[in-house]
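Please read the structure below before turning to the comments.
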Amino acid sequence: MESRARTYPGLLAHLIKLRDHTCRTPFCIVTIRHIDHIRPHATGGETTERDGQGLCARCNYLKEHPDYTVTGDAGETTTSTGSLVATSHPPSPPGLPPPTRHTPNAPSSTSSGSRTSTEKPAELRAQ
């Protein structure tokens, strides 16, 4: 989804708010107030779903500071200032488990002592 506009229009902004839920800056859980480009529009950032992120007002203004850098896309955003570097990902859709990584060499069957990720531990099943 994309737009020719500099700002994020109605449905595109709504899609990003639904995807991000809260501010995308690592360690910030404030309500989204601004939809902004990850790569600034002035430097060629496109008004697309992949280059948009939901931010609180404070974090949106903070990312304009010269010592603060935001890179990446909607799937993974890296924020750095000085020697501090943090990465954020959009949350999993509501009601779904977090995504897992597929390991090609991992055995496909489970042993009798292990459980799959959807099974509850015995102490929780008894409750």
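The values are calculated or read from the model by the stated rules, or taken from the named source; none is laboratory data. Keep in mind that what you see is a predicted model, and the values were worked out from it rather than measured. Cβ coordinates were reconstructed from backbone atoms using ideal geometry, including for glycine residues, and neighbour counts include every protein chain displayed.
Scan the range 53-87 for residues that are in contact with an Asp or Glu (Cβ under 7 Å, 6 or more places away or on another chain), at pLDDT 90 or above and of a type in the set (Gly, Ala, Ser) and report the count.
Residues flagged as in contact with an Asp or Glu (Cβ under 7 Å, 6 or more places away or on another chain), at pLDDT 90 or above and of a type in the set (Gly, Ala, Ser) within the range 53-87 amount to 1.
For residues in the range 22-78 being assigned to a loop (DSSP other than H, G, I, E, B) and of a type in the set (Asp, Glu), which is surrounded by the fewest Cβ atoms within 10 Å (Cβ to Cβ)?
Within the range 22-78, the match that is surrounded by the fewest Cβ atoms within 10 Å (Cβ to Cβ) is 67.
Restricting the range 88-109 to residues that are modelled with pLDDT of 80 or more and in a loop (DSSP other than H, G, I, E, B), which is farthest from residue 40 (Cα to Cα)?
91
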